[in-house]
Amino acid sequence: MPEARVALIGFMGCGKSTVGPILAGLLGYSFVDTDDLVVERAGIPIPEIFRRHGEPAFRRMETQALAELTLRSAVVIATGGGAPLQPANREFFALEARTFHLRVSFAEALSRTAGDTKRPLLDQGQPALQRLFDARLPVYESLGQPVETDRRSPTEIAAEIRATLARPSPSVGPGGSGG
Ligand code: S3P
């Protein structure tokens, strides 16, 4: 059942990898980060995957990692910021997991990722990054239940998600799947 699989999506710096383990602790679930799965499997860090094999290769590995997670339950999954953009991954977020979009403003995302050298897409300069942010936002919004993160602590955010999970899923309304 998707409720036993919680996916966190959102732009780089939104806090998926920080909130994820806290949420997993609250739920008694395990925590997985798809970036870590990809790095583990490739045996090289993400910037090197991009450099040596190109972004499309990284995306294929990311899709593979997500697909494998359909076999796991009682798990909180932090996903790379580009994962929801791949059509092949959309079904995962829509049907295989309860998906939350950690909303972050562009300014906050920039400040949280300043000086980071592990995210190759940050190298493209601010105007291009802003365009990427704007283009991705509607996709995140369409796939995940929104959770605000600006000026909030990871603990607060995780607690909000846990409280939301304790309530019935919004997709099951009155007269819904019932039983
Ligand atoms: C990416 C985000 C990164 C990582 C890769 C590409 C993206 O993950 O998957 O560098 O396309 O936004 P985070 O969102 O955890 O930074």
remark   = Ordering 13-21, 30-38 by per-residue average of other C-beta atoms within 10 angstrom, highest first, gives 13-21, 30-38
Accessible area of segment 1-64 belonging to carbon and sulfur atoms, whole % at 1.4 Å probe = 55 percent
ask   = In whole Hz, what ³J(HN,Hα) sequence does segment 150-157 give by Karplus (6.51, -1.76, 1.60; θ = phi - 60°), x for Gly and Pro?
value = 4, 6, 10, 7, x, 5, 4, 5
inquiry  = Skipping prolines and chain starts, which residues have an amide H placed within reach, meaning under 5 Å, of the one on ALA7, given they are 5 or more residues away or on another chain?
reply    = ILE77, ARG98, THR99, PHE100
task = Could you do me a favour and compute the accessible area per residue for segment 33-112, 1.4 Å probe, result in Å²?
result = 47 Å²
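The values are calculated or read from the model by the stated rules, or taken from the named source; none is laboratory data. Computed from a predicted structure; not experimentally measured. Glycine also receives a Cβ, built like all others from the backbone with ideal geometry; neighbour counts cover every protein chain displayed. Side chains are part of the model used for accessible areas, which takes the heavy atoms of the whole protein and leaves out ligands, DNA and RNA. Shrake-Rupley method; radii C 1.70, N 1.55, O 1.52, S 1.80 Å.
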